[in-house]
Amino acid sequence: MPADAEAIVREVLRDALAPEERLTVDVWADTYRRMLPPSPMPGPWKTDRVPYLREPMRMYTEPGVRRIVLKFGTQCSKTEMMLNCALYTVACDPFPILWVTDNADNARDFMRDRFIPAARACAPVAALLPSNPHEVTSSHVLFSTCTMHATGSNSPGNLASKPVGRPIFDEINKYPEQMKGGKEGRALEVGRSRTHAYGDLAVELDSSSPTLEDVGIDREYARSDQRKYHVPCPACGEGQTLGLGTTGRGGIRWEGGVGSELGDVELEALVARVRRTAWYECAKCGARIEQGMKGWMLARGVWVADGQRSAPDPDGALGDLVVLGEAPETDTRGYWISQLYSPFRSWGDVAAEFVQLRGKVTQEFVNQVLAEAWVENEARTDENTLLGIVERSALLVDEAGVYRKGERPGPHAVAVVPPHEIVPG
């Protein structure tokens, strides 16, 4: 055989016998997943739009990771991420899947409105759908590779019946403490027990917006390595988490106060102006960061676990961050994201929602927007408005400088939302 022909044969055999490269969930979703209406961005899935989801999706196939905890605000794409993981499991890494919602009705709605349409729109998964229509129902799909079941957290029989390798617990803070029939115990613990047959091969997803402190997702996140997403300032390059603000630098800023004394018409005008003009202030250098830079910041973000810190990369460009320190040794990865990171909500949207409340700090705002647990503290219930806190904490500034305790803010004041730790919740 001529040398060149022999080389060609060897190359063909090498390519044919080489193990198939295993895609990570994010790369697979970028290749095959399609978003359907009413998604705000129908069409091909692009992880670059929600870059904070890249690492959690990669951890789904990372050896040694047994559990992923998502403590997320609303409108941050956590359900879409879990759908990516479930569809990937069907196509690439078959294990029995159990998706648990708060009740049976929502489980059926999820299967009918979200999962089955997503499966049919994803070519590799659609090819695995059964031809028998009785094998595709509102409670289960019998793929040729594995099964997908959905059930309510209040159904002990369904939760405890069959072994599961990929349990997905959605909105766990809505699960009842006591299930139907008077059976004691948390649904999360009962469902989790179904993974024992798979041992170290099982991977669990827990997700929810928080409610009360040390309840549900807040408790599970505290048991994880507690990662937060640090993003760089476009001016100084220092990494930081996004928040509503503190008594020092950093946070969402806007002009006009919170409108606590305005009439409805005036308030609506203020809300519209705040939505249009709010900006973010760097916690490190105080630079004014406009909304248009948010995508740049998100794309360069890094996840930082408890005990670690971020720092500018000395060998990189502006905005490149490195993570320093050791993460806790645990098989549970925990991720926290608030609406301030969401590509579907601007900083002005968040500020405008707070002004719409006239500065009243509500549990719904703390849970769903800030993705923080509401701390019950009867002694602080009188501190229920931003203006009251501002007058006691000197958090309003204008061109003349800082207002001192007890002074009234002027018409050109800039509202600085206080840290949620000092208000009820």
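Below are the figures for this structure:
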{"item": "Criterion: of a type outside the set (S, T, N, Q) and surrounded by fewer than 21 Cβ atoms within 10 Å (Cβ to Cβ) - qualifying residue of Y175, Y198", "result": "Y198"}
{"item": "Residue check, E11 assigned to a loop (DSSP other than H, G, I, E, B), modelled with pLDDT under 95, loosely packed, with under 13 Cβ neighbours inside 10 Å and on the phi < 0 side of the Ramachandran plot", "result": "no"}
{"item": "Restricting the range 88-110 to residues that are in contact with a helix residue (DSSP H, G or I) (Cβ under 7 Å, 6 or more places away or on another chain) and of a type in the set (S, T, Y), the residue that is modelled with the lowest pLDDT", "result": "T101"}
{"item": "Contacts under 8 angstrom Cβ, first residue in the range 192-203 being farther than 9 Å from G165 by Cα, partner open to solvent by 50 Å² or more (accessible area, probe 1.4 Å) and of a type outside the set (F, W, Y), 6 or more apart", "result": "S193/A160; D200/R66"}
{"item": "Test: residue in the range 374-381 that is at pLDDT 50 or above, touching a Ser or Thr at 6+ places or on another chain (Cβ under 8 Å), outside any strand (DSSP E or B) and not hydrophobic (A, V, I, L, M, F, W, C)", "result": "no"}
{"item": "Qualifying residue in the range 288-298 (condition: surrounded by fewer than 17 Cβ atoms within 10 Å (Cβ to Cβ), of a type in the set (D, E), out of contact with any strand residue (DSSP E or B) (no Cβ under 7 Å at 6 or more places or on another chain) and not in a helix (DSSP H, G or I))", "result": "no"}
{"item": "Qualifying residue in the range 230-243 (condition: modelled with pLDDT of 95 or more, part of a helix (DSSP H, G or I) and at negative phi)", "result": "no"}
{"item": "Exclusive hit being at pLDDT 50 or above, within 30 Å of M41 (Cα to Cα) and assigned to a loop (DSSP other than H, G, I, E, B), set F354, F344, F365", "result": "F344"}
{"item": "Subset of the range 159-170 [buried (at least 19 other Cβ atoms within 10 Å of the Cβ) and either out of contact with any Gly (no Cβ under 8 Å at 6 or more places or on another chain) or more than 10 Å from V100 (Cα to Cα) (or both)]", "result": "V164, G165, R166, I168, D170"}
{"item": "Residue within the range 117-124 that is free of Cβ contacts under 8 Å to residues at least 12 places away in the same chain and outside any loop (DSSP other than H, G, I, E, B) present", "result": "yes"}
{"item": "The range 305-324 residues that are under 25 Å from K71 (Cβ atoms), paired with ones that are among the aromatic types (F, W, Y) and part of a strand (DSSP E or B) (beta carbon under 9 Å, 6 or more apart)", "result": "V323/W303"}
{"item": "Residue tally, condition open to solvent by 10 Å² or more (accessible area, probe 1.4 Å) and either more than 24 Å from L142 (Cα to Cα) or small (G, A, S) (or both), over the range 77-99", "result": "3"}
{"item": "Residue that is of a type in the set (S, T, N, Q), open to solvent by 10 Å² or more (accessible area, probe 1.4 Å) and at pLDDT 95 or above, where the choices are T61, T47", "result": "T61"}
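Residue-wise test of (1) surrounded by fewer than 18 Cβ atoms within 10 Å (Cβ to Cβ); (2) at positive phi; (3) out of contact with any Leu (no Cβ under 7 Å at 6 or more places or on another chain).
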| residue | (1), (2), (3) |
| --- | --- |
| I68 | no, no, no |
| Q75 | yes, yes, yes |
| T101 | no, no, yes |
| F110 | no, no, yes |
| P117 | yes, no, no |
| N132 | yes, no, yes |
| T147 | yes, no, yes |
| T151 | no, no, no |
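The values are calculated or read from the model by the stated rules, or taken from the named source; none is laboratory data. In this text the structure is predicted, and so the values were computed from the model without any measurement. As a convention, Cβ positions derive from the backbone with ideal geometry for all residues, glycine included, and neighbour counts pool all protein chains shown. Areas reflect the complete protein model, heavy atoms only, side chains present, ligands, DNA and RNA absent. Shrake-Rupley method; radii C 1.70, N 1.55, O 1.52, S 1.80 Å.
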